[in-house]
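Quick notes on the structure that follows.
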Amino acid sequence: MADPTDPRPRSRSRREPAGPSAGALLLTPGAGADRNQRTLVAVEKAVAPLPCSRVDFPYRLRGSRVPDRAPVAVAHLRLEAERLVAASGIEPGRLVLGGRSYGGRMCSMAVAEGLPAAGLILLSYPLHPPGKPANLRVEHFPLLQVPVLMISGKNDPFGSPAEFAEHAAAIPGPVTTVWLGGGHAPTGGDGPITAAVLAWLGEL
């Protein structure tokens, strides 16, 4: 059995047929940041000239610090996805969605609820609140039929490599995991993150 703490990128052996190549990328921030969060900006620059949109959630737009509930955030993502698809002139199924922590979780919930997508990029996905491993945020995982890239720090209090290995197995789509040093904000700068994103996008 593979060592779940091994930091090298890996994909599960069970693969689905390759989906359509990425036509555009929608990126969302974590609950404590906005669309100008450093890693999101770095990813946007790295994937150029692929069309990319970094978007804020409604609570940020109205100046609040209290994250939106899932129905509000998901509805907002549907509108932003429609705008990006129209502006890019692509088929809806060629859109890749993702983001950091809360943002990635909301994107995954939107896709689980039927938002067309070519794949998901989940940076520091919050598998559970720190210190509360029983409060899992995985109910929608069995509905994720698309390729998923997960990039996290090996010491992230929101989910350990072993916990992700257990619960990501519920995702029907092919899952690629990349483990970096550090915690919820992985160490090593944005270079390893952007490199992993580019490599994964190239395989869609």
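We did not get these values from a lab; they are worked out from the coordinates using the rules stated. Because the structure is predicted, anything quoted here is derived from the model rather than measured. In this analysis, Cβ positions are derived from the backbone assuming ideal geometry, glycine residues included, and neighbour counts consider all displayed protein chains.
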> What value, in deg cm²/dmol to 500, does the helix sum -39500 (n - 2.57) over DSSP H runs of n ≥ 4 give at 222 nm once divided by the residues of the chain?
Replying inline: -9000 deg cm²/dmol
> Which percent, to the nearest 5, of DSSP beta bridges fully inside the chain are antiparallel?
Replying inline: 10
> Can you list the residues, at least 5 places off or on another chain, whose amide H is less than 5 Å from the amide H of Tyr125, using H built in the peptide plane?
Replying inline: Ser101, Ile151
>> Could you sort the peptides 172-182, 45-55 by per-residue average Cβ neighbour count (10 Å cutoff), highest mean leading?
In response: 172-182, 45-55
> Classify the range 21-201: rounded, prolate or oblate, from the alpha-carbon gyration tensor (a ≥ b ≥ c, eigenvalue square roots; a/c under 1.5 rounded; otherwise prolate if a/b is larger than b/c)?
Replying inline: rounded
>> For Val66, Val74, Val43, which order do you get if you count the other beta carbons within 10 Å of each Cβ and list the fewest first?
In response: Val66, Val74, Val43
>> How big is the dipole moment of the chain about its Cα centre under a simple scheme where the beta carbon of each Lys and Arg is +1, that of each Asp and Glu is -1, and everything else is neutral? Debye, nearest 20, please.
In response: 300
>> At a 10 Å Cβ-Cβ cut-off, how would you order Asp56, Asp68, Asp156, Asp34, fewest neighbours first?
In response: Asp34, Asp56, Asp68, Asp156
>> Through the Karplus equation 6.51 cos²θ - 1.76 cosθ + 1.60, θ set to phi - 60°, convert the phi angles of the range 77-87 into ³J(HN,Hα) values in whole Hz; use x for Gly and Pro.
In response: 5, 4, 5, 5, 5, 4, 5, 5, 4, 5, 5
>> Taking just the alpha carbons, could you work out the radius of gyration and Dmax for the range 114-204, both in angstroms?
In response: 12.9, 36
